[in-house]
Each structure stands twice: as C-alpha cells, then as structure tokens.
Amino acid sequence: MIISMKDICKIYPMGNFDVNALKNITLDIEEGGFISIAGPSGSGKTTLMNIIGLIDDFNSGSLTIGGKEIKKKSRSELARLRREMLGYVFQSFNLLPVLNIFENVELPLIISGKGGSKAERRDRVNFLLGEVGLSDRKEHLPSELSGGQQQRVAIARALVTSPRVVLADEPTANLDSKTGEIVLGLMKDINKNEKTTFIFSTHDPKIWKMADRIIFLQDGLIKSGQEQEQ
C-alpha cells in the first residue's frame, strides 16, 4: 500500500467545544490508484487530504506513506518526504507571482534535486507545459494568465517531479469543460503510464466517473469506499 491509515482522529478546538473532523478513519490506498474523495461540505474531505499530504497533523492513530510511519519522523524528515513523494494541486493555485510560468513549474525540480541537468529540467518543463496547452505562455507571469490557465500551470507543477502521489483539491473547478477533460486525460495517462497515485477531493462528476474508487465521507466518517469498473 502506498498509503495506510489506521484509526486516524482529528479534533479541532473551537472555543469551549471540540469539533471531531475525522473519527477513527481506517483506509488503505494501493499504489497506482485514481481515487476520488467525495462528501458534503463539512464532511472532513479537506482535513483528510491535508493529513495525507502532511500539511496537517492528527490527534491519534497511525499514518504510513510509502512504508514510512509518519509519527516517527522529524519536521525535516517530513519535509523531505513531501518533496520526494508528494505533488499538490491547490484550488488557490499558489503560484509565485515574481516567477514566470516556466520558472514556477521548474522550481520543484530545483528544490527536490530530482531535475537532473539544466537541459533535462528544460525538457521536462516544456513537455508538461505542452501537455496542458501553455507552451506559448511560458514567459508570462501568473498575473498575465486567466484563472483556468493558472490552474493548468499548477497541475504541470504538481506533476513535474514525477511524484508517487498527487493530491488534487478540485483541480477542474476553474477550468472550462473542454480544458477540464484535457487535463483529466493527461492525469489519467500519467496514472496509467507512470503508476502515479492520484487522490482527488472533488464535486466534479467527470472525476467520479474516471475514478477507480470513490471514498464517501460524511460527518468525519467513511460511509462507503466502493470500487468502480472501468
């Protein structure tokens, strides 16, 4: 299993009350999965994604990613694990405004040390920018792009280091239907060809249809996690 969670609980203190965002979540995700996490607002989707993505901590239980037990890792070890194994597609893009599009996508390769030579980095970035239809925008700043174009840059950036797991929060929310289908097709191809695990938090029926498993959350509990025929 690429990800294994056992009895994960997450509690947020809210004044005089505690909010149980996740309640004894036990979940295994196989490597190469194309997984959708679904559920109404307040169900715990974002909390679950943040814990898997090592963005948020949990109160009790255990989490293993790539065979590594998270509770036993120091902050620096967790940061290294994030760089080496995880890619993120944020709904808010999180692009650096002072870097152009090429530089935004290239940056994770430089930070992770996985990019190889400058020529190899250039080829990888150019390939992904071509795949998301932005080859002609690579010298533009994020502020010069539409919201949908910025989202495509964020997706290219998430994929550039060939992470073993990509976490995507509503990756098609800012895309028109045609572009959304193109981007989802790209991610599905990478899922199949590179065995990259994709985990989506989404309300998009197109992603549900493409997913090989849908995990439905409600009130911090897993209500179902059915497999789908493809």
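The values are calculated or read from the model by the stated rules, or taken from the named source; none is laboratory data. Computed from a prediction, not measured in an experiment: that's the story for all the values here. Cβ sites come from the backbone with ideal geometry, for glycine too, and all protein chains shown count toward neighbours.
In segment 142-156, how many are more than 11 Å from the chain's Cα centre (by Cα) and either within 15 Å of L109 (Cα to Cα) or of a type in the set (G, A, S) (or both)?
Restricting attention to segment 142-156, the residues satisfying the condition of being more than 11 Å from the chain's Cα centre (by Cα) are 142-153, 156.
Restricting the remaining residues to those that are either within 15 Å of L109 (Cα to Cα) or of a type in the set (G, A, S) (or both) gives 143, 146-148, 153, 156.
Here the count works out to 6.
So which residues in segment 79-107 are closer than 20 Å to R164 by Cβ and of a type in the set (A, V, I, L, M, F, W, C)?
Result: A79, L81, M85, L86, V89, F90, V105, L107.
I'd like to know if segment 201-216 contains one or more residues that are under 30 Å from V98 (Cβ atoms) and not β-branched (V, I, T).
Yes, because at least one residue in segment 201-216 is under 30 Å from V98 (Cβ atoms) and not β-branched (V, I, T).
Just one of L78, L48, L86 is on the phi < 0 side of the Ramachandran plot, surrounded by fewer than 18 Cβ atoms within 10 Å (Cβ to Cβ) and not polar (S, T, N, Q); which is it? So that I can check it myself, show each step before the final result.
Details: L48 fails: surrounded by fewer than 18 Cβ atoms within 10 Å (Cβ to Cβ); L86 fails: surrounded by fewer than 18 Cβ atoms within 10 Å (Cβ to Cβ).
One residue alone meets the criteria, L78.
Kindly indicate whether S43 is buried (at least 16 other Cβ atoms within 10 Å of the Cβ) and not hydrophobic (A, V, I, L, M, F, W, C).
Numbers: buried (at least 16 other Cβ atoms within 10 Å of the Cβ): yes; not hydrophobic (A, V, I, L, M, F, W, C): yes.
It is true that S43 is buried (at least 16 other Cβ atoms within 10 Å of the Cβ) and not hydrophobic (A, V, I, L, M, F, W, C).
I'd like to know if segment 157-175 contains one or more residues that are crowded, with 20+ Cβ neighbours inside 10 Å, among the small types (G, A, S) and in contact with a Ser or Thr (Cβ under 8 Å, 6 or more places away or on another chain).
yes
Taking D169 as the residue in question, decide whether it is charged (D, E, K, R), within 14 Å of the chain's Cα centre (by Cα) and within 16 Å of G87 (Cβ to Cβ).
Details: charged (D, E, K, R): yes; within 14 Å of the chain's Cα centre (by Cα): yes; within 16 Å of G87 (Cβ to Cβ): yes.
In short, yes.
Among residues belonging to segment 103-118 that are modelled with pLDDT of 90 or more and surrounded by 12 or more Cβ atoms within 10 Å (Cβ to Cβ), point out the one that is nearest to L129 (Cα to Cα).
V105
For segment 14-116, give me every one of the helices (runs of 4 or more DSSP H) that falls completely inside it and has 3 or more residues that are among the charged types (D, E, K, R). Let's see the steps before the verdict.
Working: elements: 45-52, 75-85, 101-112.
Fully inside segment 14-116 and qualifying: 75-85.
Let me spell it out: the conditions are (1) small (G, A, S); (2) touching a residue at least 40 places away in the same chain (Cβ under 8 Å); (3) under 28 Å from L221 (Cβ atoms), and G115 meets all of them except one. Which number is the exception?
That leaves (3) as the condition not met.
In segment 49-66, which residues are under 19 Å from the mean Cα position of the chain (by Cα) and not polar (S, T, N, Q)?
To start, the set of residues in segment 49-66 that are under 19 Å from the mean Cα position of the chain (by Cα) comprises 49-58, 63-66.
Scanning segment 49-66 gives M49, I51, I52, G53, L54, I55, D56, D57, F58, L63, I65, G66.
Those residues that are in a helix (DSSP H, G or I) and either free of Cβ contacts under 8 Å to residues at least 12 places away in the same chain or under 22 Å from the mean Cα position of the chain (by Cα) (or both), I need them from segment 123-138; list them, please. If you could, list the steps in order and put the result at the bottom.
Going residue by residue through segment 123-138, those that are in a helix (DSSP H, G or I) are 123-131, 135-137.
Answer for segment 123-138, where residues must be in a helix (DSSP H, G or I) and either free of Cβ contacts under 8 Å to residues at least 12 places away in the same chain or under 22 Å from the mean Cα position of the chain (by Cα) (or both): D123, R124, V125, N126, F127, L128, L129, G130, E131, S135, D136.
Which pairs turn up if I take residues in segment 55-77 that are touching a residue at least 12 places away in the same chain (Cβ under 8 Å) and look for partners that are of a type in the set (G, A, S) with beta carbon separation below 7 Å, at least 6 apart in sequence or on another chain?
As it stands, the answer is T64/S4, since those pairs meet every condition given.
Could you list, in sequence order, all residues of segment 156-168 that are of a type outside the set (A, V, I, L, M) and part of a helix (DSSP H, G or I)?
R157
Six or more apart or on different chains, Cβ under 7 Å: which pairs go from a residue in segment 161-175 that's closer than 11 Å to T196 by Cβ to one that's polar (S, T, N, Q)? Could you list them?
Taking only residues 6 or more apart or on different chains, the pairs are T161/S112; P163/T196; R164/T196; R164/T197; V165/T197; V166/T196.
Scan segment 35-46 and give yes if some residue there is under 13 Å from the mean Cα position of the chain (by Cα), closer than 15 Å to G87 by Cα and in contact (Cβ under 8 Å) with a residue 24 or more places away in the chain, otherwise no. Steps first, answer last, please.
As a first pass, look at segment 35-46 and keep what is under 13 Å from the mean Cα position of the chain (by Cα): 35-37, 45-46.
The next check asks that each one be closer than 15 Å to G87 by Cα; those that pass are 35.
With in contact (Cβ under 8 Å) with a residue 24 or more places away in the chain added as a condition, the list becomes 35.
Checked segment 35-46: at least one residue is under 13 Å from the mean Cα position of the chain (by Cα), closer than 15 Å to G87 by Cα and in contact (Cβ under 8 Å) with a residue 24 or more places away in the chain.
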